[in-house]
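The values are calculated or read from the model by the stated rules, or taken from the named source; none is laboratory data. Predicted, not measured: the structure shown is a model, and the values here were computed from it. Methodologically, a virtual Cβ is constructed for each residue, glycine included, from the backbone with ideal geometry; neighbour enumeration extends over all protein chains shown.
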Amino acid sequence: MKKIVFFPILFALIIFPTLLIAQQEKELFEKKQAQSEIKADVTDYIIGPEDVLYIHVWREELLSRTVPVRMDGNISLPLIDEVPAAGLTPLQLKETITEKLKKFIDLPNVSVIVMEANSHKVFVSGQVRTPGVYRLRSETTILQIIPMAGGFTEWANQKRILIIRKEGGSEKRITINYKRITEGKDPNFTLKAGDTIIVP
């Protein structure tokens, strides 16, 4: 009788730790995968006005600080004063700040972190249930933004949605057919920061 009890207990003592280790390894892998995805997003992110950045200069606490990107696209830092930030990726801004600091510090080690991504926003108006300003945290399509705006009202014309986009100092108008996109007849439409979506 003791042998019958002993083997299931022994089996559990061997198998349970193995399963636990496998689960921990899986969680660690998923965590690293998520971190790499976040890192990739940050690398590609284009800084814009109203974003909030944390500039860290290693071993230079007086130079490390959280700064807003002003409407003129610049940030202000000690020693180097005005630095253009809008239109750059965090990596490009890091390189710019590093070059400027070399005049004052030997081998400056700079990190740029986007604390608040406020510049990537679109404007949704017309026949949607909750028109307003929506911030884009990642690549967003027209099929994603409409539900974010509460969906269409019953009077919406889904076949003639107007996208107003500023490119190179000029205004571009794009008409899209939402129904054809949902039916797979037209490709999905990817939004850009500053787009205005008007649902007639």
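Per the listing 159, 172, the residue uniquely more than 25 Å from the chain's Cα centre (by Cα), free of Cβ contacts under 8 Å to residues at least 24 places away in the same chain and outside the structural domain of residue 64 (by TED's automatic domain parsing) is 159.
In the set 129, 165, only one residue is basic (Lys, Arg) and within 19 Å of residue 48 (Cα to Cα); that residue is 165.
Mind listing just one residue for me: the one in region 67-103 that is assigned to a loop (DSSP other than H, G, I, E, B) and at positive phi and, of those, surrounded by the most Cβ atoms within 10 Å (Cβ to Cβ)?
Residue satisfying both the conditions and the ranking: 73.
Could you check how many residues of region 173-196 are within 16 Å of residue 125 (Cβ to Cβ), in a loop (DSSP other than H, G, I, E, B) and not charged (D, E, K, R)? Final tally of qualifying residues: 2.
In summary, residue 138 fulfils each of the numbered conditions (1) within 17 Å of residue 195 (Cα to Cα); (2) buried (at least 18 other Cβ atoms within 10 Å of the Cβ) with the single exception of condition (2).
Any residue in region 70-81 that's more than 25 Å from residue 106 (Cα to Cα): show its pairings with residues that are assigned to a strand (DSSP E or B) and modelled with pLDDT of 90 or more at Cβ separation under 7 Å, as long as the two are six or more apart or on different chains. As it stands, the answer is 73/84, since those pairs meet every condition given. Taken over region 182-191, the criterion of being in contact with a Leu (Cβ under 9 Å, 6 or more places away or on another chain), more than 14 Å from residue 162 (Cα to Cα) and surrounded by 13 or more Cβ atoms within 10 Å (Cβ to Cβ) is satisfied by 182 alone.
Restricting attention to region 152-171, the residues that are surrounded by 12 or more Cβ atoms within 10 Å (Cβ to Cβ) and small (Gly, Ala, Ser) total 1.
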